[in-house]
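Contents: one structure, followed by commentary.
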Amino acid sequence: MAAPVLRLGCAGRRGALAGVARGSRRRSGAPNGFTFGGLRGQISVARPPLLTAQEPRKGAREWEAVVGLEIHAQISSNSKLFSGSQVHFAAPPNSLVSFFDASLPGTLPVLNRRCVEAAVMTGLALNCRINKKSLFDRKHYFYADLPAGYQITQQRLPIAVSGRLAYGVCVGTPRRMAVRTVRVKQIQLEQDSGKSLHDDVRAQTLVDLNRAGVGLLEVVMEPDMTCGEEAAMAVRELQLILQALGTSQANMAEGQLRVDANISVHHPGEPFGVRTEVKNLNSAKFLAKAIDYEIQRQMKALENGGEILNETRSFDSRLGCTVPMRDKEGKQDYRFMPEPNLPPLVLYDSASASLPAGADAQQVIDIDCIRQRLPELPSVTRDKLVQQYGMRPEHSFTLLNEVGLLEFFQNVIKETRAEPKLVTNWVLNTFLGHLKQQSLAVGESPVSPSALAELLTLLDAKVISSAAANQVFEDLWSSPGKTAAQVVSEQRLELMEDRAALEQLCQSLLEEHPQVVTDVKKGNPRAVNKLIGLARKATLNRADPTVIKKILEEKLAS
Amino acid sequence: MLGRTLREASAGLKQGHITPTELCQKCLSLIKKTKFLNAYITVTEEVALKQAEESDKRYAKGQSLGDLDGIPIAVKDNFSTSGIETTCASNMLRGYVPPYSATVVHKLLDQGALLLGKTNLDEFAMGSGSTDSVFGPVKNPWSYSKQYRDKRKQNLQGETEDSDWLITGGSSGGSAAAVSAFTCFAALGSDTGGSTRNPAAHCGLIGLKPSYGLVSRHGLIPLVNSMDVPGILTRSVDDAAIVLGVLAGHDPKDSTTIQDPVKPLMLPSVNDVSKLCIGIPKEYLVPELSGEVRSLWTKAADLFESAGAKVIEVSLPHTSYSIVCYHVLCTAEVASNMARFDGLEYGHRGDVDLSTEALYATTRREGFNDVVRGRILSGTFFLLKENYENYFIKAQKVRRLIANDFANVFNSGVDVLLTPTTLCEAIPSLEFIKEDNRTRSAQDDVFTQAANMAGLPAISVPAGLSSQGLPIGLQFIGRAFCDQQLLTIARWFEKQVQFPIIQFQEPMVEVDCSEIFGNEKLASVPLKQ
């Protein structure tokens, strides 16, 4: 039977959303086990308590969900999209506001070249078609943090269209990575708004215009995703790409990456259902949770004969549910109009055409020039890791997904003679495990890449045993600044090279434990392990277990 | 000295006949004496005198900055002036002191011009009479001219009360009145549908609307961004050319200004117009056109023809759609541009604070007059999703057709078009206000608006006096960015016409004419018949 995915009341499965109906084009991934944005194993899907206890009803029709995303990424630029104001996070309120940002009458927008280049570069990285001519429009609505009463955006003819983004999700047992693709409808340049702080007690609103006019890339993704995890992974991939390009810092906690999700459910083979929009999802965890909650809510409402309203909702992270947004009840008419103060944005591609007539080569942005400057994208980096180090694909994902982990890994590799496989294991298990346990970022690690590299070199050269290596790592972790060699020599953790001493130790162990000898001779070779353990203890991890085993076996056989 | 042109005053300064401070004080004194014209909203006496002092020093050292150094000017009160209240003649911006100056203001001041004050206008430049200002209407100096009063006495014996004053036209009426009454040598207006040329025609002045994109709009509080152009009001074509020479050029703060470097504006002295082709658009001969304007128009055409120019009838078939098209495009942009006036960041703020929406509503109801509110409502309607295609998009297409009409005519070899500027001479205020603002704007912009639609340079030049003794202007429309050619032709025409200088009577009689004209013989050259 097909996994009864997205079915109301599918019980007992982790997250209640473990697959998709048979024959469906896409399969939704099971919750993954690898780390994601510092949330190991937390991208599990929402599990509304009401639904978990129910058994699927016989004959109940299956549901499919579709999720589309509108992602706002703040462009990494020193100045705003249309003004010379500086861009800084957490600057004193209203300290980064030009006359234009405050919409003083008579001020005019002047397009920031850096923002256009960032949009083109992002478009190229997302396999978009870059429009040689794009236009700016005004989108009107009254709000206290929108001083002009309109936002300048690209509604009619955006700068980039028709792209696609490939991302990985973890599926199946055993877990393996599967590649999914989402179509990118368009990328448009637009202004950010300011921030309103509502003080309900005093019934007043404070407005900070520092963010007003900062350049945004709005990336519109088609409804090609089916659950919260896919959406979260697509967003994570986009985040990695933006960071690799340097076009956005894409830090969700600082609001540099904000996601709105459009969600609907339908029966397989039928048209898409009425969609809702969940706005302002500012963390990967909440994004996945909100989407999965909303899918469940819609299915339940429809199963119960209700209907879905085309509305805007927000996610209440405390209650773990979505609620209709009060201030956007009515459908807004944004009264779009061409922005008369900005001529069409004209680009050219020196790879396919010559400079447009009358254009100034200094002024016009050359798409090909940006194409040449494209850095390595995360998918390529991962493929290289898999090929170069024989790494499993999911490990390559983890290395990239953790901020700074890849660089750490590469630094260790550079400085150690240990095998890449050993390095991968240590970095992804021991090292990352310690970080997670203490909720530290890679940059905050007390163990430096060189310290770990040295440790692994010692381990690889059999100077210390792997058990001793773990002990050394603990020491390095708790007393930063020490080197692995120091720890090894201070605590005398080197492997015992003295064969005679080892033989003597083994001899005395055999004599002290006649029962073990008897057991082995009776045909239970595993009984010797007890003695190996004792030898390790007696030598304080300094004995190489394989050597001990060999000596013991020789003595028993004789 | 005040009666001279800018160029003559400039020469006077250079030759030391007068100092900038003396010139400035004479103008300031005249502004006080002509206060009843209501030409100025703000008089910046201190600023002007300080600038004059600086200018004095430069002249003393022989380091004049150029033709504009020490020349008193005025600026329409919809241009931002740093540290000087900028009201747009609206309650919404009463008390608003901008922290920056418009590029054009900067350029004038950088050349040493003395800013005497900010001139009156229709609220947010929406109007064609300069009657719809929260500071009261502007009165046309010609109402008090000897030329007009003499004729008036013949017609209405004894009745000379003040209530029959004439409108200046608009919306740059304050700037026109300021220049016409000799209180300054040049003034900035703005021109969106004729707002500079219309009052220029009614006040006997040169009114230049440069090509769209030649002069920066940065700091001009917009009416319709895609049609607004800073305008120039002067008493001679040469003066307009001097000011344009200073203002023209790319501004990094206005992305719609041309990138190409602008060549210094030099008007060749042309005595020969025989190589020119003058187009007379037949659609401009409308039934509402007054007989006197029509006959002056014909005379002007004959003047060119007799000087050897080729004068041909041309057709601009889409002209008649210009007004309705303008109505849609103008109100749509107005609705958008006025959205920023919400009382939060600057300007008037209502004191209802039940909710943000209530605050907006009160602020905007109190801040804007009926004309502005009416245009916002219409524009909002046209921009609604369900109406956008039917109104805005169609109007844009019509605009393209209108622009194409001009392109076709110019491509056929026509150098410049000759048309009336207005339907008739200035009318008394009492008559003007019989119709509402919208009707008046629609009537009065009929000859001027299309040039804004197409972004073309256009100039109104006084062509003579009506039988009532009032100025009548004619308009030349040129090819885009051929402002220099346009000015050259306008100057030739100006020279042929010898338009008479305004002569003042009471209550302007208080104004000592010798103060204005010095020892010169009052020029009163009859029209060449």
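Mind telling me which of the residues B:252, B:210, B:261 ends up being without any contact (Cβ under 8 Å) to a residue 12 or more places away in the chain and either surrounded by fewer than 23 Cβ atoms within 10 Å (Cβ to Cβ) or more than 14 Å from every other protein chain (Cβ to nearest Cβ) (or both)?
None of the others qualify; the one that does is B:252.
Output the residues belonging to region A:78-100 that are within 29 Å of residue A:288 (Cα to Cα) and not hydrophobic (A, V, I, L, M, F, W, C).
Once the filter is applied, which keeps residues that are within 29 Å of residue A:288 (Cα to Cα) and not hydrophobic (A, V, I, L, M, F, W, C), region A:78-100 yields only A:88.
Evaluate region B:340-356: report whether one residue or more is at the interface with chain A (Cβ under 9 Å from one of its Cβ atoms) and of a type in the set (Lys, Arg).
Yes, that holds for at least one residue.
For residue A:183, are the conditions met, namely being assigned to a helix (DSSP H, G or I), over 27 Å from residue B:357 (Cβ atoms), in contact (Cβ under 8 Å) with a residue 24 or more places away in the chain and away from chain B (no Cβ under 14 Å)?
Spelling it out, it is not the case that residue A:183 is assigned to a helix (DSSP H, G or I), over 27 Å from residue B:357 (Cβ atoms), in contact (Cβ under 8 Å) with a residue 24 or more places away in the chain and away from chain B (no Cβ under 14 Å).
Yes/no per residue for (1) more than 19 Å from residue A:142 (Cα to Cα); (2) at the interface with another protein chain (Cβ under 10 Å from one of its Cβ atoms); (3) touching an Asp or Glu at 6+ places or on another chain (Cβ under 9 Å):
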{"residue": "B:367", "(1), (2), (3)": "no, no, no"}
{"residue": "B:373", "(1), (2), (3)": "no, no, no"}
{"residue": "B:382", "(1), (2), (3)": "no, yes, no"}
{"residue": "B:389", "(1), (2), (3)": "yes, no, no"}
{"residue": "B:402", "(1), (2), (3)": "yes, no, no"}
{"residue": "B:407", "(1), (2), (3)": "yes, no, no"}
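If you take the residues in region A:96-132 that are part of a helix (DSSP H, G or I) and of a type in the set (A, V, I, L, M, F, W, C), which one is farthest from the other protein chains (Cβ to nearest Cβ)?
Among those residues, the one meeting the criterion is A:125.
Just one of A:181, A:122 is within 22 Å of the chain's Cα centre (by Cα) and farther than 18 Å from residue A:248 by Cβ; which is it?
Matching residue, one of A:181, A:122: A:181.
Can you find a residue in region B:167-174 that is at pLDDT 95 or above, in a helix (DSSP H, G or I) and crowded, with 24+ Cβ neighbours inside 10 Å?
yes
Residue B:256: β-branched (Val, Ile, Thr), more than 24 Å from residue B:473 (Cα to Cα) and out of contact with any helix residue (DSSP H, G or I) (no Cβ under 7 Å at 6 or more places or on another chain), yes or no?
Against the criterion (β-branched (Val, Ile, Thr), more than 24 Å from residue B:473 (Cα to Cα) and out of contact with any helix residue (DSSP H, G or I) (no Cβ under 7 Å at 6 or more places or on another chain)), residue B:256 qualifies.
Within region B:279-289, is even one residue more than 14 Å from chain A (Cβ to nearest Cβ) and basic (Lys, Arg)?
yes
Let's see how each residue does on (1) touching a strand residue (DSSP E or B) at 6+ places or on another chain (Cβ under 9 Å); (2) in a loop (DSSP other than H, G, I, E, B); (3) modelled with pLDDT under 85:
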position: A:421; (1), (2), (3): no, no, no
position: A:429; (1), (2), (3): no, no, no
position: A:439; (1), (2), (3): no, yes, no
position: A:481; (1), (2), (3): no, yes, yes
position: A:505; (1), (2), (3): no, no, yes
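Can you tell me which residues in region A:67-89 are without any contact (Cβ under 8 Å) to a residue 60 or more places away in the chain and away from every other protein chain (no Cβ under 14 Å)?
If the condition is that a residue be without any contact (Cβ under 8 Å) to a residue 60 or more places away in the chain and away from every other protein chain (no Cβ under 14 Å), then A:78, A:86 are the ones that fit.
Looking only at region B:376-385, decide whether some residue is touching a strand residue (DSSP E or B) at 6+ places or on another chain (Cβ under 7 Å) and farther than 30 Å from residue B:236 by Cβ.
Just the residues of region B:376-385 that are touching a strand residue (DSSP E or B) at 6+ places or on another chain (Cβ under 7 Å), to begin with: B:383.
Still in the running and farther than 30 Å from residue B:236 by Cβ: B:383.
Yes, some residue in region B:376-385 is touching a strand residue (DSSP E or B) at 6+ places or on another chain (Cβ under 7 Å) and farther than 30 Å from residue B:236 by Cβ.
For region B:126-144, does any single residue satisfy the condition of being under 26 Å from residue B:215 (Cα atoms), within 14 Å of another protein chain (Cβ to nearest Cβ), at pLDDT 95 or above and surrounded by 24 or more Cβ atoms within 10 Å (Cβ to Cβ)?
No, that holds for no residue.
In region B:504-524, how many are buried (at least 20 other Cβ atoms within 10 Å of the Cβ) and at pLDDT 65 or above?
Residues flagged as buried (at least 20 other Cβ atoms within 10 Å of the Cβ) and at pLDDT 65 or above within region B:504-524 amount to 2.
Check A:404, A:443, A:433 and return the single one that is loosely packed, with under 15 Cβ neighbours inside 10 Å, free of Cβ contacts under 8 Å to residues at least 24 places away in the same chain and more than 22 Å from residue A:462 (Cα to Cα).
On the way: A:404 fails: free of Cβ contacts under 8 Å to residues at least 24 places away in the same chain; A:443 fails: free of Cβ contacts under 8 Å to residues at least 24 places away in the same chain.
When all the criteria are applied, what remains is A:433.
On the basis of being at negative phi, surrounded by fewer than 17 Cβ atoms within 10 Å (Cβ to Cβ), over 26 Å from the mean Cα position of the chain (by Cα) and assigned to a helix (DSSP H, G or I), does residue B:305 make the cut?
When the stated conditions are applied, residue B:305 passes them.
β-branched (Val, Ile, Thr), more than 25 Å from residue B:185 (Cα to Cα) and either more than 15 Å from the chain's Cα centre (by Cα) or not in a strand (DSSP E or B) (or both): is that true of residue B:273 in this structure?
yes
Kindly check whether there is at least one residue in region A:154-172 that is within 14 Å of chain B (Cβ to nearest Cβ) and in contact (Cβ under 8 Å) with a residue 60 or more places away in the chain.
yes
What is the residue count in region A:133-172 for residues that are part of a strand (DSSP E or B) and of a type outside the set (S, T, N, Q)?
Looking only at that region, the number is 18.
Looking at region A:209-238 only, could you name the residues that are in contact with a Cys (Cβ under 9 Å, 6 or more places away or on another chain) and either in a helix (DSSP H, G or I) or modelled with pLDDT under 95 (or both)?
Residues satisfying the conditions are A:229, A:233.
Out of all the residues in region A:186-200, is one or more over 14 Å from residue A:119 (Cα atoms), away from chain B (no Cβ under 11 Å), over 27 Å from the mean Cα position of the chain (by Cα) and part of a loop (DSSP other than H, G, I, E, B)? Give the derivation first.
Step one: of region A:186-200, the residues over 14 Å from residue A:119 (Cα atoms) are A:192-200.
Those still in the list that are away from chain B (no Cβ under 11 Å) too: A:192-193, A:195, A:197, A:199-200.
The next check asks that each one be over 27 Å from the mean Cα position of the chain (by Cα); those that pass are A:197, A:199-200.
Now narrow it down to the ones that are part of a loop (DSSP other than H, G, I, E, B): A:200.
Within region A:186-200 (the criterion being over 14 Å from residue A:119 (Cα atoms), away from chain B (no Cβ under 11 Å), over 27 Å from the mean Cα position of the chain (by Cα) and part of a loop (DSSP other than H, G, I, E, B)), the answer is yes, since at least one residue qualifies.
Please find, within region B:473-491, the residue that is surrounded by the most Cβ atoms within 10 Å (Cβ to Cβ) out of those that are part of a helix (DSSP H, G or I) and of a type in the set (Val, Ile, Thr).
Among those residues, the one meeting the criterion is B:489.
Being more than 11 Å from every other protein chain (Cβ to nearest Cβ), on the phi > 0 side of the Ramachandran plot and either out of contact with any Asp or Glu (no Cβ under 8 Å at 6 or more places or on another chain) or buried (at least 20 other Cβ atoms within 10 Å of the Cβ) (or both) narrows it down to one residue among B:204, B:231; which is it?
Among B:204, B:231, only B:204 is more than 11 Å from every other protein chain (Cβ to nearest Cβ), on the phi > 0 side of the Ramachandran plot and either out of contact with any Asp or Glu (no Cβ under 8 Å at 6 or more places or on another chain) or buried (at least 20 other Cβ atoms within 10 Å of the Cβ) (or both).
I'm trying to understand the selection: among the residues of region B:89-112, which are hydrophobic (A, V, I, L, M, F, W, C) and in contact (Cβ under 8 Å) with a residue 60 or more places away in the chain? Reasoning before the result, please.
First, pick out the residues of region B:89-112 that are hydrophobic (A, V, I, L, M, F, W, C): B:89, B:92-93, B:97, B:102, B:104-105, B:108-109.
Once the filter is applied, which keeps residues that are hydrophobic (A, V, I, L, M, F, W, C) and in contact (Cβ under 8 Å) with a residue 60 or more places away in the chain, region B:89-112 yields B:92, B:93, B:102, B:104, B:105, B:108.
The values are calculated or read from the model by the stated rules, or taken from the named source; none is laboratory data. These figures come from a predicted structure and were not determined experimentally. Positions of Cβ are backbone-derived with ideal geometry, glycine not excepted, and every protein chain shown enters the neighbour counts.
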